[in-house]
Amino acid sequence: MVPLPSIEGCEDKFVFYRLVDCDPDKFHFNDVIRTFFIIADSRLVQPDVPMNNGGDIPIFDMTGFTLRHLTKVILSTLRVYMKYTQEAHPVRLKAIHVINCTTFLDRVMYIVKPFMKKQVANMLHFHLPNSETLYEHVPKDALPDEYGGKQTIAKQKAEWFKRLESLRDYFTDESRWNIDESRKINNNNNNNNELCGSLRKLEID
């Protein structure tokens, strides 16, 4: 996950997601979600450039993502992530792009869609491998150079490592992460209570 720098004339913020190591044995879903929350928090502590009419546009590259990766998704964690991003994350979500879609995209959506609000589902745009349809929605200059743009992922990763390192004291201060249970809202009508655990036992044809 790497937030890309803003470009002149565009107020939207593009956040790029892709696998660095495609080995399923090294894929840990909780670590992926933990990384999202750390970067999301850092963007609140040290805000990006102000956006008046813009919003966040995540771009997910499915290159290297396999059915073995899918079986390691932990549904209880996915539910928390989806609930936060749709109901609590203080940014305006404008669109979601999925590029280099796999042949088993329907199975991915089968898992994700039960947690997705209709409004968010309507923001989804899917792009096939070697397709240029993404450029119809996203300024080309905003993309990483290996996708035809002018941004460098390696440079952005290095800058974000420095930024997160500067916030080490913030993240390790346990007093910031206490939960006031008296303010917790109990939701007994959650229809997804049975969707717990992981998908390691998912049957694959």
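The values are calculated or read from the model by the stated rules, or taken from the named source; none is laboratory data. Predicted model only: the values in this text are computed from it and were never measured. We place every Cβ from the backbone using ideal geometry, glycine too, and count neighbours over all the protein chains shown.
Filtering Pro114, Pro129, Pro90 for residues that are over 19 Å from Lys13 (Cβ atoms) and part of a loop (DSSP other than H, G, I, E, B) leaves a single hit, Pro129. Can you name the residue in region 1-26 that is in contact with a Gly (Cβ under 7 Å, 6 or more places away or on another chain) and of a type in the set (Asp, Glu) and is also surrounded by the fewest Cβ atoms within 10 Å (Cβ to Cβ) among such residues? Among residues in region 1-26 that are in contact with a Gly (Cβ under 7 Å, 6 or more places away or on another chain) and of a type in the set (Asp, Glu), the one surrounded by the fewest Cβ atoms within 10 Å (Cβ to Cβ) is Glu11.
Considering the conditions (1) on the phi < 0 side of the Ramachandran plot; (2) touching a residue at least 12 places away in the same chain (Cβ under 8 Å); (3) not charged (D, E, K, R), Thr133 is excluded by exactly one of them, (2). Screening the candidates Val15, Val32 for the property of being under 21 Å from Gln151 (Cβ atoms) and not in a loop (DSSP other than H, G, I, E, B) yields one hit, Val15. Here Met123 clears all of (1) within 21 Å of the chain's Cα centre (by Cα); (2) at pLDDT below 65; (3) closer than 22 Å to Gln86 by Cα except the condition numbered (2).
Note on region 40-57: residues that are buried (at least 17 other Cβ atoms within 10 Å of the Cβ) and either touching a helix residue (DSSP H, G or I) at 6+ places or on another chain (Cβ under 9 Å) or among the β-branched types (Val, Ile, Thr) (or both) total 3. It is to be established whether one or more residues within region 35-50 are of a type outside the set (A, V, I, L, M) and over 23 Å from Arg168 (Cβ atoms). Yes, region 35-50 contains at least one residue that is of a type outside the set (A, V, I, L, M) and over 23 Å from Arg168 (Cβ atoms). Here Tyr110 meets the list (1) touching a helix residue (DSSP H, G or I) at 6+ places or on another chain (Cβ under 6 Å); (2) surrounded by fewer than 17 Cβ atoms within 10 Å (Cβ to Cβ) almost entirely, failing just condition (1). Restricting the first member to region 100-128 and to residues that are under 22 Å from Phe16 (Cβ atoms), and the second to residues that are among the acidic types (Asp, Glu), the beta-carbon pairs closer than 8 Å and six or more apart or on different chains are Asn100/Asp61. Per the listing Val112, Val108, Val73, Val98, the residue uniquely within 13 Å of the chain's Cα centre (by Cα) and over 28 Å from Glu159 (Cα atoms) is Val112.
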